[in-house]
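Participant: Quick one: structure below, then a few questions.
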Amino acid sequence: MMTDPIADLCTRIRNANAIKKTTLSMPASTVKVGVAQILKEEGFIADYAVQPGQPTSTLVITLKFGDEGEAVIRTINRVSKPGRRIYVGSGELPPVLRGMGIRVLSTNKGIVSDRTARAQRLGGEVLCEVF
């Protein structure tokens, strides 16, 4: 039984980046798909797909690499953990690396990036930071 699926997502992305693997797969959930969608919208991954299956669906993520083979995602860290949740208000969201990175938040409007949260004046739980 997995106790922290978002940490598992971050670790799988980190490990795939380390060995320059272009695709990775994992069991899908609505939160993981939401995080993958934000990463694609912000340009950190090339694509993602949900493949239906029994007993669970599979989330397949295609990573993005630069012209010289460097990984687009330099660091992906879990911020809020099951033992210590981190919540922020809309005014407490400074840009990550002067706008070069993002924070992924879980809000009452769904999973959003920090840019969207600032624009819509939303606060919520910080799931992870990517830069």
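Participant: Give the Rg (one decimal place) followed by the Dmax (whole number) of the range 23-131, computed from C-alpha coordinates and expressed in Å.
Facilitator: 14.4, 43
Participant: Let me ask another. Considering only C-alpha atoms, what is the centroid distance from the range 68-130 to the range 1-49, in Å?
Facilitator: Computed from Cα coordinates, the inter-centre distance equals 15 Å.
Participant: For the range 86-131, what does the alpha-carbon gyration tensor say about shape, rounded, prolate or oblate, given a ≥ b ≥ c as the root eigenvalues, a/c under 1.5 as rounded, and a/b over b/c as prolate?
Facilitator: Judged from the Cα gyration tensor, the range 86-131 comes out prolate (a/c at least 1.5, a/b above b/c).
Participant: How much net charge surrounds ALA71 when only other residues with a Cβ under 11 Å from its Cβ are counted (Lys, Arg +1; Asp, Glu -1)?
Facilitator: Value of the local net charge: +3.
Participant: What percent do you get for the relative contact order of the chain when only Cα pairs under 8 Å and 6+ apart count?
Facilitator: 23 percent
Participant: Leaving out ligands, DNA and RNA, and with a 1.4 Å probe, what % of the accessible surface on the range 16-86 is carbon or sulfur?
Facilitator: Result for the range 16-86: 48 percent of the exposed heavy-atom area is carbon or sulfur.
Participant: Right, here's the next one. Hey, if you put +1 on the Cβ of every Lys and Arg and -1 on every Asp and Glu Cβ in the range 7-55, which of PRO27, THR11, PHE44 ends up farthest toward the positive end of that dipole?
Facilitator: Final value for the positive-end residue is THR11.
Participant: Let me ask something additional. How far apart, in nm, are the 7 Å Cα→Cβ label points at PHE131 and THR56?
Facilitator: For PHE131 paired with THR56, the spin-label model returns 3.1 nm.
Participant: Could you give the size of the charge dipole of the range 1-107 about its Cα centre, using +1 on the Cβ of each K and R and -1 on the Cβ of each D and E, expressed in debye and rounded to the nearest 20?
Facilitator: 340 debye
Participant: Leaving out ligands and nucleic acids, and using a 1.4 Å probe, what accessible area per residue does the range 1-68 come to in Å²?
Facilitator: Value returned for the range 1-68: 58 Å² of accessible area per residue.
Participant: So, by mean Cβ neighbours within 10 angstrom, what's the order for 93-104, 52-63 with the highest one leading?
Facilitator: Details: 93-104: 16.0, 52-63: 13.4.
Those peptides, ordered most packed to least, come out 93-104, 52-63.
Participant: Ok, one more. Under 1.5 on a/c is rounded, so check that first for the range 56-103, then, if it is not, pick prolate when a/b is larger than b/c and oblate when it is not; a ≥ b ≥ c are the square roots of the alpha carbon gyration tensor eigenvalues.
Facilitator: It is oblate, given that a/c is not under 1.5 and a/b is not larger than b/c.
The values are calculated or read from the model by the stated rules, or taken from the named source; none is laboratory data. Keep in mind that this is a model prediction, so the values were computed, not measured. As a convention, Cβ positions derive from the backbone with ideal geometry for all residues, glycine included, and neighbour counts pool all protein chains shown. SASA here: full protein model, heavy atoms, side chains in, ligands and nucleic acids out. Shrake-Rupley method; radii C 1.70, N 1.55, O 1.52, S 1.80 Å.
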